[in-house]
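Only one structure is covered here, and it is reproduced in the block below.
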Amino acid sequence: MRGPRLAAMVFTAGVFLPFAARAVDFNFAGTLQLDYLFTPLSLDRPPLGRRPFDGFTQELSLKVAADLSEHVTANVKVCYGCHGFEVGMAYVDYRLGGGVTFRAGRFSPSFGEFGLRHDPGNHRLPDKPLPYDMGRMLHLLEFDRSVLPAPYVDNGVEVLGHHSLGRAVTLDWAAHAVTGLRARSEAPYDIEFTQSRQLPYIDNNARPSVGGRVGLQFRIAPRTDLTVGASTLYGPYDNNANLQYLVAGTDLWLRIGRSNIRAEYLYRRTDMAAGDQARFEQPLGPMGAALPASVAQHRDGWYIEWEQPVLRNLDLIVRWDGLRRSGNVRPNSPLDSEAGISRLTLGTHLTVSRGFRVKAAVEHYTIWGLREQNSQEIAAHLGVVATF
Amino acid sequence: MLRALALACAIAATGCAAYQRGDGLSPSVIPPELQADYELFASRCSRCHSLARPLGARVSSAAHWQAYVTRMQRQPGSGISPDDQPGILRFLAWYSANRHREDVR
């Protein structure tokens, strides 16, 4: 008993004494969101197992940011959500001169615009846009996953740049090399996002994935900015590093006073292991020809969102988003080879007092390419979020 | 469905009726010479998150705020230019010195 206790004391002292000895500035921050998803039209339609769950989801994040010196900041964030406890951030930033920052550790590689706002304390609707959905959309099981479930967290290094090009234009860029998304099976149909998150320390194929973002920001007037950006991620994801994914996206953000209009388009091309006709419903190639080792599936998604403050403490939000999948399917797939979702959301975001907000939204889904039936569905969200 | 909508409307109505000042500060508590700095802060620092983030932060020293604002400025698409820094920091220095006040809190 004495051994472990001593070890714990030495460890604790080792971690904290250097900070105590130097003047390190710490800041703690956290977010807690509890959201209830209600799907009234699904109630009388079995099988419920294939339907989304009516119920509560909770997301909690706790973060420490330590400014170790003028140039160095360490960030650690722990999240508790549908996948249990996860490390959402554990990285160190070294700020070099000329607006360049070097980042190493576990972080969300720069991609698109929503990635920065993925924390439920930062986005105003209760759920994420469809291309970034991580398990809250209707018919999740049939569609499997979105384009790039957010937050995408990975281990690696990133270099980021932020430069003023004159008084009205700013250039942002980022380039990273990370472990990459993965699937552990020998013949995957798709990336396994949950496994990609839950095996954070082992790369299944020892080949890094690379990517980055370039963005330009224009100050059109003192309170009006336009930001445009393009991002990409590329790498192998299976154990043998034979199957690749490519994710590309473009983002646009117009801010006029306190109003925000945001739009993003994301596309993902993913190789599926082929070579065996029994694994697919449609012919893999012409009769008699050698079967290809892989075939591609494509997913794309978009959102356009308008956030309009109507009172000092009340925002209205209108969002149109969508997700599509195309490509060969496995036998008995619940989806056709062309399937998709289009959704219209109307939401409110009410600040009850500083750091405590109520989010409510009604969503209308139009779904096509579902074998069971194409459908129109309604979902409603009601949630509270606290930032502290 | 109707019940959920009714509940959402009831909560929204109660919240609006209680009319809090949102996440920011009431303009009347801010000294006139800092009004413009506050507006700048409120506009730049509410872009990616609510003002509750900076106003609730456990940050007080000028050097720590300087580090924060520099860090946030370097976030992609921050919309914070080097010219904005002095005004934002002036407001944050005043806020740190006055945040214990009932009307500011």
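Values as computed for the structure displayed
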| item | result |
| --- | --- |
| Computed E for A:Ser164/B:Arg101 - FRET, C-beta separation, R0 45 angstrom, nearest 0.05 | 0.80 |
| Per-residue Cβ neighbour rank within 10 angstrom, fewest leading, A:Ile367, A:Ile317, A:Ile202, A:Ile378 | A:Ile202, A:Ile378, A:Ile317, A:Ile367 |
| Set of lysines with alpha-carbon distance to A:Lys359 below 20 Å, sequence-local pairs under 8 removed | A:Lys128 |
| Compactness relative to 2.2 N^0.38 Å, alpha carbon Rg of the stretch A:316-388 | 1.51 |
| Spatially proximal aspartates and glutamates relative to A:Lys77 (Cα-Cα < 12 Å; intrachain offsets below 8 disregarded) | A:Glu86, A:Asp119 |
| Helical contribution to [θ] at 222 nm, DSSP H n ≥ 4, -39,500 (n - 2.57), averaged over the protein assembly as shown, rounded to 500 | -5500 deg cm²/dmol |
| Pairwise FRET efficiency - A:Ile202 versus A:Glu281, Cβ, R0 = 25 Å, nearest 0.05 | 0.15 |
| Sorted by Cβ neighbour density within 10 Å, fewest at the top, the residues A:Ser61, A:Ser185, B:Ser81 | A:Ser185, B:Ser81, A:Ser61 |
| Distance histogram in 10 Å bins (all Cα pairs of chain A, percent per bin) | 5, 20, 30, 27, 13, 5, 1, 0 |
| Linear extension gain, A:Ser337 paired with A:Ala187, 0.36 nm per residue minus alpha-carbon span | 52.1 nm |
| Convex hull of Cα atoms in the stretch B:24-98, direction-averaged projection (nm²) | 4.6 |
| Span per principal axis, largest first, for the Cα atoms of the stretch A:197-279 (Å) | 58, 31, 21 |
| Value of D in µm² per second that Stokes-Einstein yields for the stretch A:52-156, Kirkwood Rh from Cα pairs, at 25 °C (0.890 mPa s) | 160 |
| Loop-exposed trypsin sites (Lys or Arg not before Pro) per DSSP, neighbour cap 16 Cβ within 10 angstrom, longest uninterrupted part of chain A | A:23-166 |
| Calculated FRET efficiency for the pair A:Leu216/B:Ser60, C-beta based, R₀ 41 Å, to 0.05 | 0.70 |
| Simple label model, 7 Å out from Cα along Cβ direction - A:Arg371 to A:Glu70, nm | 6.5 |
| Potential extension, A:His364-A:Tyr80 segment - 0.36 nm per residue separation minus Cα distance | 99.4 nm |
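We did not get these values from a lab; they are worked out from the coordinates using the rules stated. Predicted model, so just to flag it, every value in this text is computed and none were measured. As a convention, Cβ positions derive from the backbone with ideal geometry for all residues, glycine included, and neighbour counts pool all protein chains shown.
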